[in-house]
Every structure is written in C-alpha cells, then in structure tokens.
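Asker: Questions regarding the structure given below will be posed in turn.
Only the coordinates and a few stated rules stand behind these numbers; no lab work does. Quantities reported herein were computed from a predicted structural model and do not represent experimental measurements.
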Amino acid sequence: MAWPWLLPLGLFFAASVAQAAVVEHTFNVGNLSISQLCEQAMIITAVNGRLPGPTIKVREGDTVVVHLVNESPYNMTIHWHGVFQRGSPWADGPSMVTQCPVKPGCNYTYRFNVTGQEGTLWWHAHISFLRATVYGALVIRPRGGAASYPSSPKPHREEVLLLGEWWNANVYDLERTAFLSGNVTGPANAYTINGKPGDPYSNCSAADQTYKFHVRRNETYLLRIINAALNTPMFLRVANHSFTVVAADAAYTTPYETDVVVVAPGQTVDALMAAAGAAPGRYYMVATPYDSAVGGTPPFNPATARAVVEYAGAAGDETPQLPPPTQNNDTATAFRFLSNLTALVLPGKPTVPLSVDTRMFVTVGLGNGDCQPKQTLCNTTDGTRPRIFSSSMNNASFLLPDAGSPSMLQAHYDGNASGVYTRDFPDRPPVIFDYTADASDTDELKYTTKSTKVRTLRYNETVEMVLQNTRLIAKESHPMHLHGFNFFVLAQGFGNYDEAAAAPGFKFNLVNPQERNTVAVPTGGWAVIRFVANNPGMWFMHCHFDAHLDLGLGMVFEVQDGPTAETSVPPPPLDLPHC
Ligand code: C2O
C-alpha cells in the first residue's frame, strides 16, 4: 500500500474528502404504542416505530433516497423542510401541491440531492396534522466533515433536539374537526423535547418521559435545535449554560452569544454549548412556549417541556437546577434573538440580490369567511352560511385542490391549470387599511373567500416581499415558510411597514442579512424578504402553524422553466402516486 505522502498531492486531498454518497432509508409509517403523560397511547402514524422518527445524516452533495411505505390508514406525504429540491420538484412533498398523497398500503420513493446546503434541516408529513408524530432531523455536514465547520471550537459531539407538541388525541381527527367546523385547534396537551415532555408531567414514570443529554465537563456540543411543534414558537434555555448560535435554517450565521434560543415552527438553530459547569452536575433544559397573540386570545397551554443535561460523574439523584423562567409572552426576547442574527458571509455563498424585479406587499393573518358546503360541521339546517375562522394572504384564503384533481405541479407540467388553480394571487392587499390597529378588526375587513391562487414568476426573477401581520382577530407572530428557496431577511419591525421611510435601503441589511427558509413575522409587525426564483416548479409559501395553514394561510409560487433542460421541471418520476 502506498503511503499517503507518496501519492500525488491532489489525489491525497481527494481521498481525504468523502465522495458523494447515496444515503438510503426506508420509512415504514404505522402504529406505535407508547406511554405518554402517564397514559398509554397509540400513535397511528409513527415512522419505524419511533418518536421522533429517524435522523437522516448526510454530507453536502449526497443523494437521499427514502422509500416511504405507508402502512397507516391515512394518506401520507413527506416534505424535506428546507431542501431546495433543484431538479427534483416532484419530491418536495406537500400534498396536492407537488404530489398526490401516498394512499394506505402504497409506497413511494423520494429521491433528491442536498447540494449547496449545510446544517440542520428536517422532514415531516405534509398532509393533515400528521406531522405531529411524523417528523425527524435531516443533518447535512460539510463534505470535509466536522473539521470544515467555519466556526470554532469544533464540537466534541453533536446532539439533535427536536421540539414538538403532543395531543392526547388522534391528530387526524383533530384536523378533520377543525377544518369541517372552521375552527382553530385547541392547544397541545404538552410540549416535548425529543418526544418526551419531561418531569413536570411524569410523576408516574419519571425516568423514561424525560430526555437526558449526557455531557462531559469541558467538552463542547453542537446542538441542532429544530422546532417541529405544530403551532407554537419556543424559547430554549439550559440552567447555568449559554449558547453560541452558528447557523439557522442550514445557513451559517455570525457567531451570536445568547443565554436563550428562540425557534419558531419550521425553523432550526445550530448552537454550540460548552459543558463548562464548575463541577459535574445536573441542569434542566427548558422549552417554554411563546404566546405571541395580542388582541385576541386564542387558546394556549403555558406549560414547559424539560430535559436534563447530565454531566458524567454527577450524582444521579441530584435535583437539577432550573434556568430563570421565561414569560410566555416575552416578545422583546423573541424579537431580540430573531432580529439580531446575521449571515456569516463566506466566499462562494449566495449574497442578497441588490436589484429587484417584483415587489410584493402581502398581508398575513386571520379573518373569517362563510362556512363552505363541504365544511359539514358548520352547516346550518336553514341553508344560511355562518361565519367561521379563515386565514389569508392578501385576503386570499388558500384552498388545496380537491383530491381527484391532479396536483398543482402536475397541472403546471401539463400546461393545464384550468380547474386546479388560477394565476391571480395579488401583489397588494385589496384594501389598504391600518393593518395593526385595534379599530381595524371589523367584520368587513376580516371577511375573506376561498381560492387556489398562485403568483407566476419568470425563471430567475428577483422578488422582494413585505410580509405584514394584521390585527384581524389577533396579532400573532406567523412563521412564514417558503418551499424551494432560502430568502434573505432584510429588515423586521413592529406596526405597519412604512414603504416611504424604508424605501431607498437605509433600514435594510444588504451586507449580511440572515438567510432562512422560515421567518417569524413579528407579532403585529412586518418582515421584508428577498429571493431569486432560480428553481422552476410549484413552491408553497405558508404559515408553519398547522392550525393557520389549515384555515388558508398560504399561497403558491409558480416558477416558470428556464432556457435549458437543467433549468426546467423534469418529467414526473414513474412511481409518483396518482390521485
Ligand atoms: Cu415544513 Cu410546507 O412545510
């Protein structure tokens, strides 16, 4: 065998960097019987009998192949949250947007590359509320492995922390009741860290309902924190420990020191934590739900989830220390964290586009509309149509195409949108009003109707979008997620966005704005984002609160093909499910 230093230098380096691999998994979706909140519960849709589901670990440039085997009684799809899906738009996963669902007893194989992305992403069901139990992490390391992380120190170990919500109920039935009655879902019974609520809940079986994170003194850990909760942003603290944030939504950030991490549903945060306690000990990690609602008061469960950070050598019966409490409505802390992050500008990474082709101003929020005939639980016997909850963007309340029609991507590919969607999603709200004032919460302004509208973009068009929260029903921090792209967050603030004041760039960060796939629009405020539509396909943009998505808080970007085969939507995979 040749000694490495006798090899030509180029070959040596090539051998030290892993070649692109194919990483293959099978996801069997079926039953899992678990004990949760001191009760025995049956999860109807769990992946491979686990909660959370398996972590997919890859390196940048690898190919991911996941065989979905649907052994559950419900239709299923999986979305790879944050993966661009360039050249594989059929694998994105949202039901009826890019595919028809995988029916009970059927299979489908998702295939895609993770190219040009490093950090923490995740996967989840994208149909009904089934992502409450169908979710897991997708960890993308650099090609050169952990030694290539741009920040230091290099972690000794990495730890995935998935924050979730738990209902003592069948979540499929919860969604059906919410949709058919036009109501918001009640709050979760508990919040969880890696599937476990922690010991405030588990007097009955303290040990196995609390997640334990084992550390060694003076080692540094890379925490990959994912908010997989359906409807709730979270604050995360560890007693006596602080964090250095190094990435968010799989985009590196300027290292940011903090004693609290804030993560909205759909978002991820990578943070270094040094086990720097003076002596081996036990410390609580506490996830506190953020209640961003102002004005109206949607139902909210203020409970916390707890895990235990346990040092090697600590006495197992030592009572863990608690971090200082976080107020559930601490908007100031949420805003400080979420608006202070900036990108780590690296050579070769995309930077914010400086010229803009299309400017959109889009209101996001709740409202109401008429009960639809198929929403049987709110129908009245005398034929009148009661007003029910409905949410919208620019007053268009999004409705997925009916099962039975082709998916939106299929209709786009076939060049036949008729009966599936219309191309009239508006660039402005139909009425200009004082969006965040209490006085605006009127029946007239709240009223919206259902439609399936898309905004068509030319290939490579640059879009700037102001996302403006409204006071209708309640102000809330809506986590707005865009499929198929990252965007840059140029500015955020409270109240009404003032185009005149913000106009020629002086409030915008055009140097190192944070790059994200999900932005938590401040409650009663706004955020300005930019992205380049360099990925042909049909890309959902929606609130990552499932309760709001279900009520219509979404729209779709239809991005046209570019000039070459590589910049065009490819034919659908042969095994793509039919409707
Ligand atoms: Cu993570 Cu369309 O969602």
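Asker: When the helix-only estimate is applied to the chain (DSSP H runs of n ≥ 4, each -39,500 (n - 2.57), divided by the residue count), what is the mean residue ellipticity at 222 nm, nearest 500 deg cm²/dmol?
Answerer: Values: 7 runs with 49 residues, N = 579.
The helix contribution divided over the chain gives -2000 deg cm²/dmol.
Asker: If amide H atoms are built 1.01 Å from N in the plane of the peptide, which residues on other chains or at least 5 residues away come under 5 Å of the amide H of Leu138?
Answerer: Ile56, Leu121, Trp122, Trp123
Asker: Would you pull out the residues with amide H under 5 Å of Asn28's amide H, same chain only if 5 or more places away, H placed 1.01 Å from N?
Answerer: Asn48, Val69
Asker: Please list, in chain and number order, the residues 5+ apart from Ser35 or on another chain whose amide H is under 5 Å from its amide H, with Hs placed from the backbone.
Answerer: HN-HN under 5 Å from Ser35: Ala41.
Asker: Let a ≥ b ≥ c be the square roots of the eigenvalues of the Cα gyration tensor of the chain; is it rounded (a/c under 1.5), or, if not, prolate (a/b larger than b/c) or oblate?
Answerer: It is rounded, given that a/c, with a ≥ b ≥ c, falls under 1.5.
Asker: Over 24 Å between Cα atoms, which of Lys446/Lys475; Lys154/Lys196; Lys349/Lys475; Lys154/Lys212 qualify?
Answerer: Flagged as over cut-off: Lys154/Lys196; Lys349/Lys475.
Asker: Give a residue-ordered list of calculated ³J(HN,Hα) values for the stretch 388-402 (Karplus: 6.51 cos²θ - 1.76 cosθ + 1.60, θ = phi - 60°; whole Hz; x for Gly, Pro).
Answerer: 10, 4, 7, 10, 7, 10, 6, 6, 9, 9, 6, 10, 5, x, 5
Asker: While we're looking at this one, here's another question. So what is the relative contact order of the chain, in percent, for Cα pairs below 8 Å that sit 6 or more residues apart?
Answerer: 15
Asker: So what J values fall out for the stretch 116-131 if you push phi through Karplus, 6.51 cos²θ - 1.76 cosθ + 1.60 with θ = phi - 60°, rounded to Hz, Gly and Pro as x?
Answerer: x, 9, 9, x, 10, 10, 7, 10, 7, 4, 10, 7, 6, 9, 5, 5
Asker: When the Cα atoms of the stretch 358-567 are enclosed in a convex hull and the volume is divided per residue, what value in Å³ results?
Answerer: Each residue corresponds to 126 Å³ of Cα convex hull volume.
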